[in-house]
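Below is one structure; the comments refer to it alone.
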Amino acid sequence: MRVENSFIPAPGVGETTERRLWEHGVTHWDDFDASAPGVGETTAQNVYSFIGDARDALDRGDTQYFADAFPNNALWRLYENVAGDVAFFDIETTGLDKRSSDVTTVSVLHGGDTTTLVRGDDLTAENLADLLDASLVVSFNGKRFDQPFIEHNYDVDVDAPHLDLMYLCRRLDLTGGLKQVEADLGIDRGGMDVDGREAVRLWHRYEDGDEDALDRLVEYNRYDAQNLQTLLDTVAGRLHQEVFEPHA
């Protein structure tokens, strides 16, 4: 599903009206006209205004427009439009408090390449800002954890629209942490059995001189970032089937 299939950002159009439009063959902005069923004159003008503004935003590459226009639970509809410029990111830390804990590694999958930044080496504000400069950033529980940690510890603003997969998964009754959701969906981790607590221990072992511990931590962190793409592809596909296909 793409943003061009969407009408809910227009004032006066809720999910019920949007479904009615789809059911009557108005499944794309190009299909809309003022005679559409269940849409009065004022709402029709609102839809026309939204479509014009949205087309301009797409032409400019202004994805923030859609983050502001869409309800939070509908931002996933932007994914197909910008799939080539999405930054999937995940961090590891020494604890849960951004004020007293350190970020140890950050992995970002962007443009088909995964980069891992390591504290004390190349984990800098400049590198973070560069890797997260995308049309859309994607995380799992990153709005509450990863993004605040990065912004507090490195004075970096994550300006791109942020799609947090934890909330999309809950919408599909996929609960628990990232590892549990992956297991429920059959997403492979290559036998990697590290968890958050072990990630902290691995970092401390690395600080004590164990280079192999860092290698294992980096591998774990990279799986976290890379599997986010597989997870989003899966979740977006299910939502497309649930939200759009039955009415189109």
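The values are calculated or read from the model by the stated rules, or taken from the named source; none is laboratory data. Keep in mind that this is a model prediction, so the values were computed, not measured. In this analysis, Cβ positions are derived from the backbone assuming ideal geometry, glycine residues included, and neighbour counts consider all displayed protein chains. Surface areas here come from the heavy atoms of the whole protein model, side chains and all, with no ligands, DNA or RNA. Shrake-Rupley method; radii C 1.70, N 1.55, O 1.52, S 1.80 Å.
What the table below lists for this structure:
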{"read-out": "Any hit, the range 39-59, residues being surrounded by 15 or more Cβ atoms within 10 Å (Cβ to Cβ) and part of a loop (DSSP other than H, G, I, E, B)", "value": "yes"}
{"read-out": "Counted residues, the range 173-213 - those being open to solvent by less than 20 Å² (accessible area, probe 1.4 Å) and over 25 Å from the mean Cα position of the chain (by Cα)", "value": "3"}
{"read-out": "Positions within the range 13-38 being assigned to a loop (DSSP other than H, G, I, E, B) and at negative phi, in sequence order", "value": "Val13, Gly14, His24, Val26, Thr27, His28, Phe32, Asp33, Ala34, Ser35, Ala36, Pro37"}
{"read-out": "The range 165-199: number of residues that are free of Cβ contacts under 8 Å to residues at least 40 places away in the same chain, aliphatic (A, V, I, L, M) and closer than 23 Å to Pro71 by Cα", "value": "1"}
{"read-out": "Close pairs (7 angstrom Cβ cut-off, 6 or more residues apart or separate chains): in contact (Cβ under 8 Å) with a residue 12 or more places away in the chain and closer than 17 Å to Asp121 by Cβ in the range 209-228, buried (at least 18 other Cβ atoms within 10 Å of the Cβ) and acidic (Asp, Glu) anywhere", "value": "Leu217/Glu92; Asn221/Asp90; Asn221/Glu92"}
{"read-out": "Among (1) among the aliphatic types (A, V, I, L, M); (2) surrounded by fewer than 21 Cβ atoms within 10 Å (Cβ to Cβ); (3) at pLDDT 95 or above - the single one Leu96 does not satisfy", "value": "(3)"}
{"read-out": "Hits in the range 60-73 - residues which are farther than 18 Å from Asp159 by Cβ and part of a helix (DSSP H, G or I)", "value": "Asn73"}
{"read-out": "Meets criteria (on the phi > 0 side of the Ramachandran plot and either in a loop (DSSP other than H, G, I, E, B) or within 22 Å of the chain's Cα centre (by Cα) (or both)) for Gly84", "value": "no"}
